[in-house]
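*Asks:* Here it is, the structure in full.
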Amino acid sequence: MVGVPPHMHIMNGPYTNISLEAMPSSGHRKGMAQPSQMHIALSERAKTLPGSAIRALLSSARSNVALDLGGGIPEPDLFPGPLLVDVFSHLIATDAAQALQYAPTEGLLPLRARIAQRLQQRGCSVTPEQVIITHGSQQALAAAAALLTSPTEPVALELPVYPGARQAFALAEAPSVPLPVTEQGWEMAALKRARVAVIYVNPSYQNPTGRSANIEQRRLLAEYAEATETFVVEDDAYGELGFDAAPTRPILADAPTRGILVGTFSKTLCPGLRVGWIVVPRGLVEPLVRILQASSLQPGTLTQHLAFGLLERLDWQAHLGRLRCCYQTRAFALHARCHELGLHAAAPKGGFFLWVRTRGAASRVAAVAAAHGVLTVPERAFQHSVDAGPDRHLRLAFSRFRDIPGDLEKLATALGSGSVL
Ligand code: PMP
């Protein structure tokens, strides 16, 4: 918008005109009458792209927060801060010329090799060349969507769905088909009814339900993908955060030609690094790299070096053990509190979320809770279209729940009071 006069009407081009509130930074000169609207042409994509309902909900309720069960945010005390200082100092002292320089679009090979090695330990036959580093796994999702979908190539999205995935595929203007996630697993019949180009799933400790697909369901989906030549984009954000299970076997392990896995260090190291990855079959590496070049040239060199330095120094299993122990304690505490309040949720097994059943409309419960300073996210935020669909669950993030005395009362007042439950 810089340099565009606030009153300017852009009338040409294929786009219809819409009005935007004038930005405070545009044309604020003393004594000038300020038009309150400016007209600007946007692409269809920009006009229809949904914003994150969760980010909007949580930022509008930010003041007066007594208990934040809203955002799926890692515990900052678990960030490897002191170690990061060491890694950073050593890196700048010994290798600044490389660590601060441009680097390949694909990412740093030693980091890619580490990620491949961990996936091999989980049953996948993956080479480092198939692992491409991205700016968080959100960029990986957007790149997968740009690579495989279009207005004529639909995607099957889980329902309820992680809203970031919905946004990523909406950016590629892919029509979506619902793939219901039930207590028994994915409703595979929904896939058979509608032919899609891609299936997006979050099979381990799903955001938002916390549910996981069992081995048999994963195998069936992999078989379906291979038999029908449909790509499966498997979001593995919480795959290593099961409380007592060994990390799950990815779908990728049984779908060598159709499996795509998206992962991240956001939940296991820290999200501020913005280091994620995408694993694709060999034939997709080159077109994927072109898409990533066009959108960001390369992932951050410095943050990749930092992530690699952390991995070199951490005992990964012990590190994961600490995270799992902390999140399990919190999950069990919040689950117990919910139980005391008569709220039903399946016992948590990993990840960050409880999926709590409400008796009344969940969006109303969330609004009452927010008025009491308790942040939660209603089921509606995880629909394909935010204004419609079932509204009977709240997503509660236990990742930062400390079970401080008095929090039970806040929860009780917010969730148990009145007739909303
Ligand atoms: N997938 C899922 C299921 C998530 O919950 C998140 C973070 N909320 C992401 C992907 C994106 O994480 P990041 O971009 O930080 O890697």
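The values are calculated or read from the model by the stated rules, or taken from the named source; none is laboratory data. None of the values given here were measured: they were computed from a predicted structure. Cβ atoms come from the backbone with ideal geometry, glycine included; neighbour counts cover every protein chain shown.
*Asks:* In segment 243-253, how many residues are away from the ligand (no atom under 16 Å from the Cβ) and either among the small types (Gly, Ala, Ser) or in contact with a Cys (Cβ under 9 Å, 6 or more places away or on another chain) (or both)?
*Replies:* Result for segment 243-253: 5.
*Asks:* Additional query: So Ala103 ticks every box in (1) closer than 26 Å to Leu157 by Cα; (2) among the small types (Gly, Ala, Ser); (3) touching a helix residue (DSSP H, G or I) at 6+ places or on another chain (Cβ under 7 Å) but one. Which box is left unticked?
*Replies:* For Ala103, the exception is condition (1).
*Asks:* Here's another thing I want to ask about it. Test of understanding: among Gln293, Gln304, which residue is within 16 Å of the ligand (Cβ to nearest atom) and in a helix (DSSP H, G or I)?
*Replies:* Unique residue meeting the criteria: Gln304.
*Asks:* Could you look through segment 138-175, keep only residues that are surrounded by 21 or more Cβ atoms within 10 Å (Cβ to Cβ) and among the hydroxyl-bearing types (Ser, Thr, Tyr), and pick out the one that is nearest to the ligand (Cβ to nearest atom)?
*Replies:* Tyr162
*Asks:* So, one more: When you check Ser125 against the structure, is it within 16 Å of the ligand (Cβ to nearest atom) and either in a helix (DSSP H, G or I) or more than 19 Å from the chain's Cα centre (by Cα) (or both), yes or no?
*Replies:* Judged against the criteria, Ser125 is not a match.
*Asks:* Let me ask something additional. Out of the residues in segment 221-242 meeting the condition of being within 15 Å of the ligand (Cβ to nearest atom) and part of a loop (DSSP other than H, G, I, E, B), tell me which one is nearest to Ser266 (Cα to Cα).
*Replies:* Ala237
*Asks:* Can Val155 be described as in contact with a Phe, Trp or Tyr (Cβ under 9 Å, 6 or more places away or on another chain) and aliphatic (A, V, I, L, M)?
*Replies:* It is true that Val155 is in contact with a Phe, Trp or Tyr (Cβ under 9 Å, 6 or more places away or on another chain) and aliphatic (A, V, I, L, M).
*Asks:* Among the listed residues Val233, Val198, identify the single one that is within 20 Å of the chain's Cα centre (by Cα), modelled with pLDDT of 95 or more and under 30 Å from Gln317 (Cα atoms).
*Replies:* Val233
*Asks:* For segment 301-328, how many residues are touching a residue at least 60 places away in the same chain (Cβ under 8 Å) and more than 30 Å from Gln101 (Cα to Cα)?
*Replies:* The qualifying residues number 7.
*Asks:* Can you tell which of Arg290, Arg274 is farther than 25 Å from Ala96 by Cα and of a type in the set (Lys, Arg)?
*Replies:* Every option except Arg290 fails the conditions.
*Asks:* For the structure I just gave you, tell me whether Gln206 is closer than 20 Å to Asp391 by Cα and either modelled with pLDDT of 95 or more or touching an Asp or Glu at 6+ places or on another chain (Cβ under 8 Å) (or both).
*Replies:* yes
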